[in-house]
1. Here is a list of conditions, (1) surrounded by fewer than 10 Cβ atoms within 10 Å (Cβ to Cβ); (2) under 20 Å from Ala16 (Cβ atoms), and Arg27 meets all of them except one; can you say which number that is?
2. Conditions first: (1) out of contact with any Phe, Trp or Tyr (no Cβ under 8 Å at 6 or more places or on another chain); (2) among the β-branched types (Val, Ile, Thr); (3) surrounded by 11 or more Cβ atoms within 10 Å (Cβ to Cβ). Val4 passes all but one, so which condition is the exception?
3. For region 34-63, give me the residue count where each residue is loosely packed, with under 10 Cβ neighbours inside 10 Å and of a type in the set (Lys, Arg).
Amino acid sequence: MFNVVFPFLHLGALLAVVVYAFVSLARGNVPRFGVIMILLGIYYVFLLHPGVKKEIERRKSLRNNK
C-alpha cells in the first residue's frame, strides 16, 4: 500500500512547492521564486533524473525484445 501512496504524496508535495513558487512570483518576490526553482532543478537532476533515465532504458529494452 505504501508503494502506491508514497508517489502520489511526493507528487503532491512537488506540485505544492511549484505553486508556492509561482504565488511568490505573482506577489513580486522574484528572489524567492528563483531560489525555489533552482533548488527544484537541482533536486530533479540529482534525485529524479537518474530514475527517469533508467525507466526509459527499461522500456526501450522491453520494446526491442518483442
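Readers should treat all values here as calculations from the given coordinates under stated rules, not as data from a laboratory. On a predicted model such as this, the values are computed, not experimentally measured, just so you know. Counting neighbours? That spans all protein chains shown, and the Cβs are built from the backbone with ideal geometry, glycine included.
1. The single condition Arg27 does not satisfy is (1).
2. Failed condition: (3).
3. Result for region 34-63: 1.
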